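The values are calculated or read from the model by the stated rules, or taken from the named source; none is laboratory data. Because the structure is a prediction, the values reported are computed rather than measured. Here the Cβ is made from the backbone with ideal geometry for all residues, glycine too, and neighbour counts use every protein chain on show. Areas reflect the complete protein model, heavy atoms only, side chains present, ligands, DNA and RNA absent. Shrake-Rupley method; radii C 1.70, N 1.55, O 1.52, S 1.80 Å.
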Amino acid sequence: MTAPVAVTAELAIVSAARLMRDAHVGALPVIEGNRLVGVLTDRDIVIRAVAEDADPHALTVGDVASFTSVRLRPSDSLEHALQVMATHQIRHVAVVDDDDRVVGSITQTGIARTTQEPRRGLKRAPLLPIS
C-alpha cells in the first residue's frame with residue numbers, strides 16, 4: 001500500500017496531472033473534507049478531457065473524476081483486493097479507515113512489485129495501515 005496523496009474536486013485538472021506526474025501515480029483519491037468521494041485516474045483525464053478536446057485549464061477534478069464507492073479497508077486480504085480490482089475492472093483502489101478517510105492505495109503495479117512468487121500464488125496477508 002502506498003501513502004495517500006489526495007485532491008479535492010475543485011482542483012484544476014492541470015494541477016492534478018502535474019501532481020500525478022510528480023508523485024509517479026496513475027490515480028488520486030478525491031476527498032471532501034477528509035472523506036473519500038471518488039478517484040481521478042490518468043484514464044479519466046484522457047477520456048473525459050483530452051479526447052473531448054476540452055481546455056484542461058478550465059476543467060476541475062470534479063468535472064472528470066469517477067465518483068465511486070469502490071474502496072478497501074486496511075484489514076482486507078490481498079486476495080480480496082485483487083478480486084475487487086477484477087470485478088470492477090480497475091487498477092487502483094483507495095484504502096480507507098472506518099470513517100472513510102484515505103489511509104493509502106493499492107495498485108496492480110504495486111501488487112506485482114511486492115509479490116515474491118507470482119507464478120506460485122499470492123501470499124495471504126492483510127493490507128497494512130499507514131501509521
Extreme residue, most open to solvent (accessible area, probe 1.4 Å), among residues of segment 57-78 that are modelled with pLDDT of 90 or more and in a helix (DSSP H, G or I): ASP63
Among residues of segment 15-56, those that are part of a loop (DSSP other than H, G, I, E, B) and under 22 Å from ILE106 (Cβ atoms), counted: 4
Any hit, segment 32-42, residues being within 22 Å of ARG113 (Cα to Cα) and more than 9 Å from the chain's Cα centre (by Cα): yes
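Restricting to segment 11-27, and then to whatever is of a type in the set (A, V, I, L, M, F, W, C) and out of contact with any Ser or Thr (no Cβ under 8 Å at 6 or more places or on another chain), can you tell me which residue is most open to solvent (accessible area, probe 1.4 Å)?
Per the criteria, the residue is LEU19.
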Sole residue being touching a residue at least 24 places away in the same chain (Cβ under 8 Å) and either within 14 Å of LEU28 (Cβ to Cβ) or among the small types (Gly, Ala, Ser) (or both), chosen from HIS57, HIS92: HIS92
All positions within segment 92-109 that are of a type in the set (Ser, Thr, Tyr) and either part of a strand (DSSP E or B) or in contact with a Pro (Cβ under 9 Å, 6 or more places away or on another chain) (or both): SER105, THR107
From ALA58, ALA12, ALA49, ALA27, residue being under 11 Å from the mean Cα position of the chain (by Cα) and farther than 17 Å from ASP100 by Cα: ALA27
Residue identified as charged (D, E, K, R), at pLDDT below 95 and farther than 21 Å from VAL103 by Cα among ARG21, ARG43: ARG43
Search result, residues across segment 35-49 that are among the β-branched types (Val, Ile, Thr), surrounded by 15 or more Cβ atoms within 10 Å (Cβ to Cβ) and over 9 Å from ILE13 (Cα atoms): VAL37, VAL39, THR41
